[in-house]
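The values are calculated or read from the model by the stated rules, or taken from the named source; none is laboratory data. On a predicted model such as this, the values are computed, not experimentally measured, just so you know. Counting neighbours? That spans all protein chains shown, and the Cβs are built from the backbone with ideal geometry, glycine included.
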Amino acid sequence: MNFLSDNTPQERLNLINTLSKRFKERASLTEESGSFPFENIQDLKESGYTALTVPKEYGGKGISLYEMLKLQARIAEGDGSTALAIGWHMGIIKNLGEKKSWNNEKFAWLCEEVKKGALINSAATEPQTGSPTRGGKPQTTAQKENGHWIISGRKIFTTMSPVLDYFIVSASVVETGETGNFLIPRSAQGLEIEETWDSISMRGTGSHDLILNYVTVPYDNFVEIFTPGKKGANGWLLHIPACYLGIAEAAKKYAIEFAKLYSPNSIKGSIMDIPAVKQKTGEMELLSVQSSHFLYSAARQWDEANEAEKQTMGPLLGAVKLSVTNSAIEIVDIAMRIVGAKSLSIKNPLQRYYRDVRAGLHNPPMDDMTILSLAEKAISSID
């Protein structure tokens, strides 16, 4: 069972389906205990999944965005927390390979680490700044000292923190006022994970606080300079709506299976024979079809676009995230209406899907920013 030896998208999809079923069996236990899905992440590492987005020129598969989203959605059908967590790692590696914003030697080194099983995520959000997409300047600071960088600060929502090997940390450079990203290994002295994650949604993402107390890193670990809030279009962030669409698909399938089997003695046959239930089933399917088409057509467009074309896709990508995420919430809501009060049982997976899918409202980009972006695009298109 290895993604790196399976050479076709269908073979990789078959493999992820097998893993997703395994994750689904573990999901309730992870949910009940509020623990991190260590076994799931280990399965993904051992299978070679976590190296799939390493570019071909660096010895990886370099899978397309379209394929990555297909695989991520299937993981989410089994366990949403696992999908969202690993999606950040998968997308970041893909994004770095596409944008080539790091020094070639440093990125090549990172790719080798990833092929050995290393996991990475960014740590950008802070209590004082809110979502990084809104342009707040990091309160975390980086200062030169004896040819090294000394970094101090606190980051929140550091997803997958229990197993990350490397953190991409945004910080303000004291000497110049620039804002940049610094690559920090988990082994760095002064780095600490404070287990603060107590959300009722996506309980298994391990999105704890990252504490940096005078952490020292080499000078060349200052990997990128950027302007807060202006990172351009990012196709890889479509892993977010792909995750929530996967959760919605799981809810839809559960509701349909329930309706086909549930047969109270007040009716003949099952409740699926009731017109109102068929109506709701059709409504779920319509939302699912619309969302799938929007998500995957945008992914194909990204894969086929040149760099200049990609940079015009920001409003479209935001629209996909807004539409798919909100439709996913609606699908889960309809599924719960079909199943009825049983959907609120702590033993029923629908109550987990209901809580998990709402987390999408708080992942970037935010709905209000997307609507504003679409408005500006529409206005500018009129002569």
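Some points to look at:
- Screening THR140, THR129 for residues that are more than 26 Å from ASN306 (Cα to Cα), modelled with pLDDT of 95 or more and crowded, with 17+ Cβ neighbours inside 10 Å leaves exactly one candidate, THR140.
- Filtering the range 340-375 to residues that are among the acidic types (Asp, Glu) and in contact (Cβ under 8 Å) with a residue 40 or more places away in the chain leaves ASP356, ASP367.
- Unmet criterion (only one of (1) assigned to a strand (DSSP E or B); (2) in contact with a helix residue (DSSP H, G or I) (Cβ under 8 Å, 6 or more places away or on another chain); (3) more than 29 Å from THR325 (Cα to Cα)) for VAL114: (1)
- Residue check for ILE382: over 23 Å from GLU257 (Cα atoms) and among the β-branched types (Val, Ile, Thr): yes
- Meets criteria (under 23 Å from the mean Cα position of the chain (by Cα) and among the aromatic types (Phe, Trp, Tyr)) for TYR244: yes
- From the options LYS342, LYS321, LYS377, residue that is in contact with a helix residue (DSSP H, G or I) (Cβ under 6 Å, 6 or more places away or on another chain) and surrounded by fewer than 18 Cβ atoms within 10 Å (Cβ to Cβ): LYS377
- Checked against the criterion of being of a type in the set (Val, Ile, Thr) and in contact with a helix residue (DSSP H, G or I) (Cβ under 8 Å, 6 or more places away or on another chain), the candidates ILE247, ILE156 yield just one match: ILE247.
- The range 335-369: number of residues that are touching a Gly at 6+ places or on another chain (Cβ under 9 Å), part of a helix (DSSP H, G or I) and under 17 Å from LEU84 (Cβ atoms): 5
- Some residue of the range 150-158 being in a loop (DSSP other than H, G, I, E, B) and not hydroxyl-bearing (Ser, Thr, Tyr): no
- Residue check: GLU257 meets all listed conditions (1) under 24 Å from ARG355 (Cβ atoms); (2) surrounded by 13 or more Cβ atoms within 10 Å (Cβ to Cβ); (3) of a type outside the set (Ser, Thr, Tyr) but one, namely (2).
- Residue match in the range 296-318 (condition: within 14 Å of VAL357 (Cα to Cα) and modelled with pLDDT of 95 or more): no
- Cβ pairs under 8 Å, 6+ apart, first in the range 155-176 and touching a residue at least 24 places away in the same chain (Cβ under 8 Å), second of a type in the set (Lys, Arg) and not in a strand (DSSP E or B): LEU164/ARG186; ASP165/ARG186; TYR166/ARG186; PHE167/ARG186; SER172/LYS137
- Residue within the range 304-314 that is assigned to a helix (DSSP H, G or I), of a type in the set (A, V, I, L, M), more than 21 Å from the chain's Cα centre (by Cα) and in the same structural domain as LEU374 (by TED's automatic domain parsing) present: yes
- Check on LEU96, in contact with a Phe, Trp or Tyr (Cβ under 9 Å, 6 or more places away or on another chain), free of Cβ contacts under 8 Å to residues at least 40 places away in the same chain, within 30 Å of ASP220 (Cβ to Cβ) and surrounded by fewer than 24 Cβ atoms within 10 Å (Cβ to Cβ): yes
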